[in-house]
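Quick note: the coordinates plus some simple rules give every number you see, no bench work behind them. Everything numeric in this text was worked out from a predicted model, so none of it was measured. Cβ sites come from the backbone with ideal geometry, for glycine too, and all protein chains shown count toward neighbours.
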């Protein structure tokens, strides 16, 4: 695939490597010395992406109307999505694999064209809309981090009217968020703090001092309220939870405009027939081994192959996901069962919404 294959796109690049099935929306401007777009990468319409080196991994997506100005290197890992309206200004941006970053991400918010204006986001993170990251100094976010809507991360704190020479303080220091941490709605991280792995920061908390791993912190300023001591589910409890989730998902498919018929719901096995849009599936739950939590299988009737969700640890998916399989994976993700698979999954749009978008 060549750069000329994208009408309505202004592409100013030195070295260009474009894989198969790449999509670039009209009205987009891309400026780079080195441009790499792997197979299945998608850039929405009306974007303006500028970086000395710009790389989108396989099936990575940049949403409509995004503006990136990244001096040295901007890398978006395999299957990661940065949704519409992102506004990014920094020296370097590195995003790992399998992330979802919501609408209107803002990286910048003042003095972010500096030597240490570096942002690194790990893999498998879920970041809600309207998050602000100020990287005057470096910001490092680990793997599997959850960041709720309207969270703000700051690496500088000063006001010119409160001068240091007059006895006031100013601070410039990086921020780090450990693996598996969760930042609640409208929480704020101030310069120099580190949030430990697995820690939960409650909604609206202001973190002005570093927090250890594995705790719940709340308040203004944030203080440790208790240590988190979760106990993993045993096989029987895991089986019960997984079976309940699958049944709940199947019933919710009716709201999405699919026909659902229960075929078998006896003992350790349950089966349903699902139909819609001229397609038919069989969904099955099987938990016959007392030492195993169980598996969920999505079989597209009339088409060879199926997708199998194995609820044993570690969670795995075997086979290829079609639309219904992706809907199940997305439903399980929202229930915190994160099944690994290339790219992000999106749920089926309910029929009553889809007809308004058609």
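Could you grab the relative contact order for the chain? Cα pairs under 8 Å, six or more apart, rounded to a whole percent.
Relative contact order for the chain comes out at 7 percent.
Taking every DSSP beta bridge with both residues inside region 146-212, roughly what % is antiparallel (nearest 5)?
15
Roughly what angle does helix 323-334 make with the longest principal axis of the chain, taking Cα atoms, 0 to 90 degrees, to the nearest 10?
It works out to around 60 degrees.
Separation of region 291-318 and region 99-136 by C-alpha centroid, Å?
Region 291-318 and region 99-136 have Cα centres spaced 35 Å from each other.
Only Cα pairs under 8 Å and at least 6 apart count here; give the relative contact order of region 139-232 as a rounded whole percent.
Working: 260 pairs, mean separation 21.2, N = 94.
About 23 percent, as a whole number.
Rounded to the nearest 5, what % of the DSSP beta bridges within the chain are antiparallel ones?
Working: 36 of 108 bridges.
Counting DSSP beta bridges with both partners in the chain, the antiparallel share is about 35 percent.
Work out the FRET efficiency for residue 170 and residue 16 from their Cβ-Cβ distance, taking R0 = 51 Å, and round it to the nearest 0.05.
0.70
If you work out volume of the Cα convex hull per residue in Å³ from the coordinates, which of [x] 128; [y] 136; [z] 159 do you get?
Checked against the structure: label [z].
Would region 40-119 count as rounded, prolate or oblate if I go by the C-alpha gyration tensor, calling it rounded below 1.5 in a/c and otherwise prolate when a/b exceeds b/c, oblate otherwise?
prolate
When the helices in the chain are scored as -39500 (n - 2.57) per DSSP H run of 4 or longer and the sum is shared across all residues, what 222 nm value do you end up with, to the nearest 500 deg cm²/dmol?
Result for the chain, helices only: -3000 deg cm²/dmol.
Give the angle, between 0 and 90 degrees and rounded to the nearest 10, that separates the Cα long axis of helix 235-252 from the longest principal axis of the Cα atoms of the chain.
Around 90 degrees separate the two axes.
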